[in-house]
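Below is one structure; the comments refer to it alone.
The values are calculated or read from the model by the stated rules, or taken from the named source; none is laboratory data. Bear in mind that the values here come from a model prediction, so they are computed numbers and not experimental data. Here the Cβ positions follow ideal geometry from the backbone for every residue, glycine too, while neighbour counts run over all protein chains shown. Side chains included, ligands, DNA and RNA excluded: accessible areas come from the protein's heavy atoms. Shrake-Rupley method; radii C 1.70, N 1.55, O 1.52, S 1.80 Å.
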Amino acid sequence: MWPTPLLPLVLHIPHSGTSVPSAAVNQFVNQELLQQNINALTDWFTDELFKLPGASTVCTPVSRVVLDTERFTDDAKEPAARFGQGMIYTHGYNGEQLRRELSDQERAHLLENYYAPWHLTLEANIHEHLQEFGFCVVIDCHSFPNEQLPTETDQTTERPDICIGTHATNTPCWLTELASREFTKHGLSAALNQPFAGALLPDVFKGDPRVLSLMIEVNRDLYLRSDNLHKPKHKSQNFAALQIQLQHVLLKICAEFKARGITT
């Protein structure tokens, strides 16, 4: 299904896509507003920024504005749904209505064609790594704007360079301490679960000591040129250096997990 992995590492990159499938285009009330939200909400170039030879990547070309694979399918369980940004976005980053009301058939189409296959692919990928190495680290890869958006729950004005998110059962303390320490060595400030918290992992692996989960969110000011929020984004001169720093941290994590063994 995919090349044999060379590292016990799965890079989960759900928000770098910008495409809108033809079947979903007419669901949006205004195409200009749709594009503005794609420009503002995309984790720009994270598929390149977190690229590491030998690691496996689970990435989608479809924009999160069409369907967000990291949200709960049940809006009652999804905190972002109160802003109209559950699994299927109905409102944009500034609270404007973005989408018309969908039929049950349209919702089912999005779920069956984009959400379910994504999670099955991620789960299968992790299983393959367990067969190959006996253990696996899942990195939830994201970026965030330096200025908070109106629809974000954390409205703290001062934001770190790196946000490290944890999973309730699959992120040991040594992992967060290692990540924080390594980022600090590179001159980057790091905060734990701030301004965003959590790390995605399929439920089947919850509590499995062979599978670790960690979210790494990068402040976009570190690698993007400062442009208007609505406009397309461009890499800054610091992009390549930051990419190397991330690779260093990811390799350190893999090496430490291997050295410790799966019981720690």
Review point. Does A76 satisfy the criteria of being hydrophobic (A, V, I, L, M, F, W, C) and either open to solvent by 60 Å² or more (accessible area, probe 1.4 Å) or within 30 Å of E256 (Cβ to Cβ) (or both)?
Key: yes
Check your understanding: Does any residue of the stretch 152-160 turn out to be more than 18 Å from D43 (Cβ to Cβ), crowded, with 17+ Cβ neighbours inside 10 Å, at pLDDT 95 or above and of a type outside the set (F, W, Y)?
Key -> no
Review point. Can you find even one residue in the stretch 162-184 that is in a loop (DSSP other than H, G, I, E, B), under 17 Å from Q245 (Cβ atoms) and open to solvent by 40 Å² or more (accessible area, probe 1.4 Å)?
Key: no
**Study point:** Answer residue from the stretch 215-247, given it is open to solvent by 80 Å² or more (accessible area, probe 1.4 Å) and assigned to a loop (DSSP other than H, G, I, E, B) and is farthest from A191 (Cα to Cα) among those
**Key:** K231
Check your understanding: In the stretch 18-31, what residues are assigned to a helix (DSSP H, G or I) and either out of contact with any His (no Cβ under 9 Å at 6 or more places or on another chain) or surrounded by 21 or more Cβ atoms within 10 Å (Cβ to Cβ) (or both)?
Key -> S22, A24, V25, Q31
Practice item. Kindly establish whether P209 is part of a loop (DSSP other than H, G, I, E, B) and in contact with a Cys (Cβ under 8 Å, 6 or more places away or on another chain). Key: no
Review point. Right, I253: of a type in the set (A, V, I, L, M, F, W, C), under 17 Å from I13 (Cα atoms), surrounded by 13 or more Cβ atoms within 10 Å (Cβ to Cβ) and in contact (Cβ under 8 Å) with a residue 40 or more places away in the chain or not?
Key: no
Review point. For the stretch 37-69, what are the residues that are buried (at least 18 other Cβ atoms within 10 Å of the Cβ) and among the acidic types (D, E)?
Key: D43, D47, D68
Review point. Within the stretch 102-110, is there a residue that is at negative phi, in a loop (DSSP other than H, G, I, E, B), modelled with pLDDT under 95 and surrounded by fewer than 19 Cβ atoms within 10 Å (Cβ to Cβ)?
Key: no
